[in-house]
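A.B. asks: The structure is given below, and queries will be raised subsequently.
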Amino acid sequence: MFSVSPEIYKVITQASRYLFAFFALMLLLFALSWLYDERRKRRERLRYLPEAGNIGEMVVISGSDQLPVDTWFPIPREGILGSLRSCDLVVPCPGVHARHLAFSWQDGTGLIIKPFPGCETFVDGVSLITAVKSEMPVMVHGSCLQVGSAVLRLQLLSALEHTNRPFTVTAPEPFLPFTDPPAQEYRPDQPNPMNQPLIGNPADGLSQQESQNALDPAVVSVIPEEHLPVQQTAPRRKRADRWKEDFSE
Amino acid sequence: MSKKSSPRFRFVFAAALLVLLALLVPALREGDQRLYLLAAGVTGAMLLCMIIPARLFSLDRLILSIALYLGAVGIISLATTNPDAALMQLLRCSAGVVALIIGAMVIRIISPSMLTAGISSFLGLLLLAGSLLVQDLPFPFTEAALILMVISFSSLLSCYGGAAALLPGIIGTVLLLLQGMTVEASVLALTVLLLLWAADGKIGLVLAALAVFAAIFFGAAHFGYLPAFIPGEEHALSLSTLVSSGLFGSETVTDLQNSALPASSLVYLLSENYGLVFTGLTLFLYLPLMLRGTSVAGSARARFHAVLALGCVLIFSLRIPASLLSAFGVLPLPLNPLPLLTDSLPDLAAQMLTLGLLCGISSVNETNLAEDAHLAMLAK
């Protein structure tokens, strides 16, 4: 095979020793820049996917002064619920232990709740402490969890695949030629659409479209002022917003 | 309009070029056919592995590329003095790549359960007890046993909590101490404690575990199972070997023949032939590898994957400072080869398996993120 004279080889070896050190330095820099580049890309990707890693959210139905109603928590696939700040779900309510329960998501089944010893927990009114292991309730879309004085409702991202409530699919109405709707007179004995909850829950049978219709100015204009709701439902509050307030204090 | 090349392309290109040149230069001396074969084979295999298995098994490119490069550096260190040994090292690295792919596939099969924990604990403890009973075992299986213990620990921690997960770790540490493997026992004990602290978070349990491990090490020292920590002759020899060739290596090719130094460690050969600068910069590549592993652990959705990834990073990386500090004579610990820079097949395969597990978890993370992106798209 091809070889060179000892003199040329000596020059090549001498040059290569510095060249290899330079290459090793470049490799290290390239590896670090690759790592940085991947991290940056991942951060950018996660910025567009704020729900990444979560299976849904828990909405507070009944809470405490520190945990107002309608606060919502993003739910990771598994974690610990308790009143400690180090927990994945922090529920600062009377009756909630520092580490109250562990939860984990199982695809196709739902959210499995495992309370720690001595921590009373109810899922849809069934106590997990007294429930038989084989009949242990699993949280699905719309299930309510009661820990201490707090009641939380689970809303899943993949709601239709994980629910025990029947969803009826209505057939589309046949096309009818457009006619002016008959004028409706407001009667105080009729239920006021504005008193209905604004956020539609599939389980309640009120869709978001219907909620929006309830705010239609055309409908509102025919309602006398004294029958308009005095106070709207409080805006949804993410639990993290509360933390920001706490830290600013 | 020219497009800026990606950091991945630059790294792969530079690594392939460096390996090719490093194997061609000694080949030019005598025109050795084996070295030409190695130059073509190693570079080609590196590039092929970075393309085909990475795509087929969705492996993490950064971890795979650095692992392949460090494996190739091991071959380079042997090629200058012993081409036959370098060819054997190429075969060992090939087996290591297979182990890496197996590791990446295994992570998609195993789930945290009593079965996983039972099988991995049994196999891990069997390997440790086997090497205790059969003293002159031809292959050391300690590295493989450590990985199995970490799998068992992660599975038990995810299913039954920290207290249950401690037991195999304690038994493993005792078995390692009985064999006089202080560094390995310390690595396992530290890994278990750090994982317990990171994943379980119960300070009472961590303190109790710390007390148990302290008692075990104290007992081992009391009964004479811990070797005396006195800097020996081999530490001075190790330091002199590492610095003997200066910053950029000596002009003459050196074949290391010293029985006092660990035979399987390739870092001495590397330093003798290429100098301290090249060796140091190469060893710094462990840093992005560890950082990437930590990032994989942090992004994992399931607790089992997170604990396992962190365990793999700890098992892999805790050995590096121990090996380096003992090699430079700073710590009077037994001399051990650095990860991936070893010519011991079981150790290399176990280390590649560890990186394979990390690649597999990284791939699972990517799949989860892609599912989230799909859900977000549907929600729009």
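The values are calculated or read from the model by the stated rules, or taken from the named source; none is laboratory data. Treat the numbers as computed from the prediction; the structure is a model and nothing was measured. Cβ atoms come from the backbone with ideal geometry, glycine included; neighbour counts cover every protein chain shown.
A.B. asks: For residue B:372, state whether it is more than 14 Å from chain A (Cβ to nearest Cβ), acidic (Asp, Glu) and surrounded by fewer than 24 Cβ atoms within 10 Å (Cβ to Cβ).
C.D. replies: no
A.B. asks: Then there is this: Condition first: more than 7 Å from chain B (Cβ to nearest Cβ) and either closer than 25 Å to residue B:33 by Cβ or outside any helix (DSSP H, G or I) (or both). Can you find one or more residues in the range A:32-47 that meet it?
C.D. replies: Within the range A:32-47, none of the residues are more than 7 Å from chain B (Cβ to nearest Cβ) and either closer than 25 Å to residue B:33 by Cβ or outside any helix (DSSP H, G or I) (or both).
A.B. asks: Checking residue A:59 against (1) in a strand (DSSP E or B); (2) within 26 Å of residue B:159 (Cβ to Cβ), which test does it fail?
C.D. replies: (2)
A.B. asks: Further, regarding this structure: Residues of the range B:203-225 being assigned to a loop (DSSP other than H, G, I, E, B) and under 27 Å from the mean Cα position of the chain (by Cα), which ones?
C.D. replies: B:225
A.B. asks: Within the range A:58-89, count every residue that is away from every other protein chain (no Cβ under 13 Å), surrounded by 15 or more Cβ atoms within 10 Å (Cβ to Cβ) and either touching a Ser or Thr at 6+ places or on another chain (Cβ under 7 Å) or among the charged types (D, E, K, R) (or both).
C.D. replies: Residues in the range A:58-89 being away from every other protein chain (no Cβ under 13 Å), surrounded by 15 or more Cβ atoms within 10 Å (Cβ to Cβ) and either touching a Ser or Thr at 6+ places or on another chain (Cβ under 7 Å) or among the charged types (D, E, K, R) (or both): 3 in total.
A.B. asks: Would you check which residues across the range B:287-322 are facing chain A (nearest Cβ under 10 Å) and closer than 13 Å to residue B:351 by Cα and list them?
C.D. replies: Answer for the range B:287-322, where residues must be facing chain A (nearest Cβ under 10 Å) and closer than 13 Å to residue B:351 by Cα: just B:289.
A.B. asks: What number goes with the only condition from (1) more than 14 Å from the chain's Cα centre (by Cα); (2) surrounded by 20 or more Cβ atoms within 10 Å (Cβ to Cβ) that residue A:42 does not pass?
C.D. replies: (2)
A.B. asks: Also, I was wondering about something else. If you scan the range B:59-104, which residues turn out to be of a type in the set (Val, Ile, Thr) and outside any helix (DSSP H, G or I)?
C.D. replies: Across the range B:59-104, the qualifying residues are B:80, B:81.
A.B. asks: Restricting to the range A:101-159, what's the tally of residues that are under 20 Å from residue A:74 (Cβ atoms), hydrophobic (A, V, I, L, M, F, W, C), surrounded by fewer than 18 Cβ atoms within 10 Å (Cβ to Cβ) and free of Cβ contacts under 8 Å to residues at least 40 places away in the same chain?
C.D. replies: The qualifying residues number 2.
A.B. asks: Separate question: Confirm whether residue B:58 is among the hydroxyl-bearing types (Ser, Thr, Tyr), within 12 Å of chain A (Cβ to nearest Cβ) and under 28 Å from residue B:153 (Cα atoms).
C.D. replies: Values: among the hydroxyl-bearing types (Ser, Thr, Tyr): yes; within 12 Å of chain A (Cβ to nearest Cβ): no; under 28 Å from residue B:153 (Cα atoms): yes.
Spelling it out, it is not the case that residue B:58 is among the hydroxyl-bearing types (Ser, Thr, Tyr), within 12 Å of chain A (Cβ to nearest Cβ) and under 28 Å from residue B:153 (Cα atoms).
A.B. asks: Next up: What do you reckon, is residue A:103 under 21 Å from the mean Cα position of the chain (by Cα), at negative phi and of a type in the set (Phe, Trp, Tyr)?
C.D. replies: Taking the combined requirement at face value, the residue satisfies it.
A.B. asks: Collect the residues in the range A:98-117 that are assigned to a loop (DSSP other than H, G, I, E, B) and either closer than 21 Å to residue B:157 by Cα or touching a strand residue (DSSP E or B) at 6+ places or on another chain (Cβ under 6 Å) (or both), keeping them in residue-number order.
C.D. replies: Of the residues in the range A:98-117, the ones assigned to a loop (DSSP other than H, G, I, E, B) are A:98-100, A:107-109, A:116-117.
A:98, A:99, A:100, A:107, A:116, A:117, listed by residue number.
A.B. asks: In this structure, does residue B:280 turn out to be within 12 Å of chain A (Cβ to nearest Cβ) and farther than 18 Å from residue B:157 by Cβ? Write out each step before concluding.
C.D. replies: Details: within 12 Å of chain A (Cβ to nearest Cβ): yes; farther than 18 Å from residue B:157 by Cβ: yes.
Judged against the criteria, residue B:280 is a match.
A.B. asks: What are the residue pairs meeting all of these: first residue in the range A:1-29, first residue over 22 Å from residue B:37 (Cβ atoms) and more than 7 Å from every other protein chain (Cβ to nearest Cβ), second residue surrounded by fewer than 17 Cβ atoms within 10 Å (Cβ to Cβ) and among the polar types (S, T, N, Q), Cβ atoms under 8 Å, and 6 or more apart or on different chains?
C.D. replies: The qualifying pairs do not exist here.
A.B. asks: Mind checking which residues of the range B:311-336 are modelled with pLDDT of 85 or more and not in a helix (DSSP H, G or I)?
C.D. replies: B:318
A.B. asks: Is it the case, given these coordinates, that residue B:268 is at pLDDT below 90, aromatic (Phe, Trp, Tyr), touching a helix residue (DSSP H, G or I) at 6+ places or on another chain (Cβ under 6 Å) and over 28 Å from residue B:169 (Cβ atoms)?
C.D. replies: Yes: the conditions hold for residue B:268.
A.B. asks: Would you mind finding the one in B:308, B:348, B:358 that is part of a helix (DSSP H, G or I), touching a Cys at 6+ places or on another chain (Cβ under 9 Å) and closer than 19 Å to residue B:192 by Cβ?
C.D. replies: When all the criteria are applied, what remains is B:358.
A.B. asks: Search the range B:106-122 for residues that are among the basic types (Lys, Arg) and pair each with any residue that is surrounded by fewer than 20 Cβ atoms within 10 Å (Cβ to Cβ) when their beta-carbon atoms are under 8 Å apart and the residues are at least 6 apart or on different chains.
C.D. replies: If the second residue must be surrounded by fewer than 20 Cβ atoms within 10 Å (Cβ to Cβ), the pairs left are B:108/B:363.
A.B. asks: Hey, among the residues in the range B:1-26 that are of a type in the set (Gly, Ala, Ser) and modelled with pLDDT of 85 or more, which one's nearest to residue A:4 (Cα to Cα)? Spell out how you get there, then give the answer.
C.D. replies: Step one: list which residues in the range B:1-26 are of a type in the set (Gly, Ala, Ser), which gives B:2, B:5-6, B:14-16, B:22.
With the extra rule that they be modelled with pLDDT of 85 or more, the set shrinks to B:6, B:14-16, B:22.
Details: B:6: 37, B:14: 25, B:15: 25, B:16: 23, B:22: 16 Å.
Of everything passing the filter in the range B:1-26, B:22 is nearest to residue A:4 (Cα to Cα).
A.B. asks: Any idea which residue in the range B:275-305 is farthest from residue B:363 (Cα to Cα), counting only those that are part of a loop (DSSP other than H, G, I, E, B) and among the hydrophobic types (A, V, I, L, M, F, W, C)? So that I can check it myself, show each step before the final result.
C.D. replies: Let us first name the residues in the range B:275-305 that are part of a loop (DSSP other than H, G, I, E, B), namely B:284-285, B:300-302.
In the following step, the residues that additionally are among the hydrophobic types (A, V, I, L, M, F, W, C) were identified as B:284-285, B:300, B:302.
On the way: B:284: 25, B:285: 22, B:300: 10, B:302: 13 Å.
Residue satisfying both the conditions and the ranking: B:284.
A.B. asks: Still on this structure, I have one more. Answer yes or no as to whether residue B:21 is surrounded by fewer than 19 Cβ atoms within 10 Å (Cβ to Cβ), facing another protein chain (nearest Cβ under 9 Å) and assigned to a helix (DSSP H, G or I).
C.D. replies: yes
A.B. asks: Go through the range A:122-159 and give me each residue that's more than 17 Å from residue A:100 (Cα to Cα), over 23 Å from the mean Cα position of the chain (by Cα) and not in a loop (DSSP other than H, G, I, E, B).
C.D. replies: A:133, A:134, A:135
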